[in-house]
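One structure is given here, and the rest of the page talks about it.
We did not get these values from a lab; they are worked out from the coordinates using the rules stated. Since we're looking at a predicted model, the values are computed, not measured. Ideal geometry is used to build each Cβ from the backbone, glycine not excepted, and the neighbour counts take in all protein chains shown.
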Amino acid sequence: MRILCYGAVNPDLIHRVDRLPGPGDDVQSRSSSWLYGGKATNAAAALAAWDEEPVLMGLVLGEDHLGDLLVAELRRARVDPSWLARDTNQTTRHCVVLVDPRGERTIVSTGYEGARWQQVSSDIWERTEVLVVDDLAGSAAVGVASEARSRGVSVVWLDGDARKVESGDLVVWSRHEHGTGEAADLAGRGVRVVLTAGPDPTSVWWDGASFTVAPPPVRAVDATGSGDVVAAGCAYGLVRGWEPLRLVRWAVAAGAALCARGRAAGMPTVDEVAALAGGG
């Protein structure tokens with residue numbers, strides 16, 4: 001185990017629709033299915049598909065039907081669910097994901113009020129080289145990231161709040177939510193920033209240098225989780241000591257590969273990502 005994925009862990013109910021609804025709309029689902037979900041979970045599933053053995057921790061699950069469903073889905077994705085905690089006093093959160101024919105999606109999530117978050121023990125930290133942390137974990141994410149830094153563990157943020165990340169961290173942002181000016185300001189504080197932009201070039205600020213990476217052209221099936229897989233790809237490259245350009249090319253190709261197949265078809269393999277990345 002070299003990578004710890006910490007944060008949101010929940011099942012997703014996915015509906016495929018002809019179009020995403022607007023105010024007052026009534027749309028019909030063409031198909032529906034349950035799948036694992038949550039940013040940290042998506043990252044862990046990608047890493048497991050690449051023959052890493054990630055530890056997945058974060059949100060405490062309920063001892064309920066949705067918790068059982070999630071555990072079964074994690075096993076199918078080769079993610080070890082035994083690191084997760086469950087509590088009869090908790091309710092397993094879930095998300096409803098609407099996906100249109102272009103691969104665009106809208107996500108509705110249940111609230112995290114009253115949620116509990118796991119503690120990370122010393123024995124796990126001793127075997128961890130990279131932390132992938134989901135900002136949805138709030139103050140728990142801040143605490144886990146702080147502990148990682150104190151132990152010399154690299155920190156990769158999934159959509160990290162600019163107020164929470166620190167110099168030396170790597171944050172994966174989407175241009176749908178953050179502008180280039182905001183990313184450049186963060187980079188000025190010594191943070192490594194990967195700013196994705198869908199099919200457009202990804203902008204990167206890394207230790208005083210900046211460059212762009214064009215994602216491989218693909219036909220989008222479902223973009224859900226693609227940013228999470230980019231973050232997983234960054235962690236994958238960090239534990240291998242790759243130089244920044246190679247690392248980001250591989251990570252962006254991983255996100256594109258997932259977008260082209262959708263999570264329901266399974267995470268892309270190392271060979272599939274390497275082919276899109278031009279040899280990886």
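Would you order THR41, THR92 from fewest to most other beta-carbon atoms within 10 Å of each residue's own beta-carbon?
Going from least to most buried by this count: THR92, THR41.
The HN-Hα couplings worked out from phi for region 267-277 by the Karplus form 6.51 cos²θ - 1.76 cosθ + 1.60 (θ = phi - 60°) are 5, x, 7, 4, 5, 5, 5, 4, 4, 5, 7 Hz, whole numbers, x standing for Gly and Pro. Phi angles of region 9-19 translate, via the Karplus equation with coefficients 6.51, -1.76, 1.60 and θ = phi - 60°, into HN-Hα couplings of 9, 7, x, 10, 9, 9, 10, 9, 10, 5, 7 Hz per residue; Gly and Pro are given as x. Estimated from the Cβ-Cβ distance and a Förster radius of 35 angstrom, the FRET efficiency linking LEU245 and ASP64 is about 0.15.
Taking other C-beta atoms within 10 Å as the exposure proxy, SER210, SER82 rank SER82, SER210 from fewest upward. When DSSP beta bridges are restricted to pairs lying wholly in region 3-77, around 65% turn out antiparallel.
Take the Cβ atoms of ALA197 and ALA264, set R0 to 30 Å, and the FRET efficiency comes out at 0.75. With θ taken as phi - 60° and the Karplus curve 6.51 cos²θ - 1.76 cosθ + 1.60 applied, the whole-hertz 3J(HN,Hα) list for region 254-265 is 5, x, 5, 4, 5, 4, 6, 10, x, 4, 4, 8 Hz, x standing for glycine and proline.
Secondary-structure-derived ellipticity at 222 nm for the chain, considering helices only, amounts to -9500 deg cm²/dmol, per-run term -39500 (n - 2.57) for DSSP H runs with n ≥ 4. The VAL96 and ALA209 beta-carbon pair, evaluated with R₀ = 41 Å, returns a calculated FRET efficiency of approximately 0.50. By the beta-carbon count within 10 Å of each Cβ, the least crowded to most crowded order of CYS259, CYS5, CYS95, CYS234, fewest first, is CYS95, CYS259, CYS234, CYS5.
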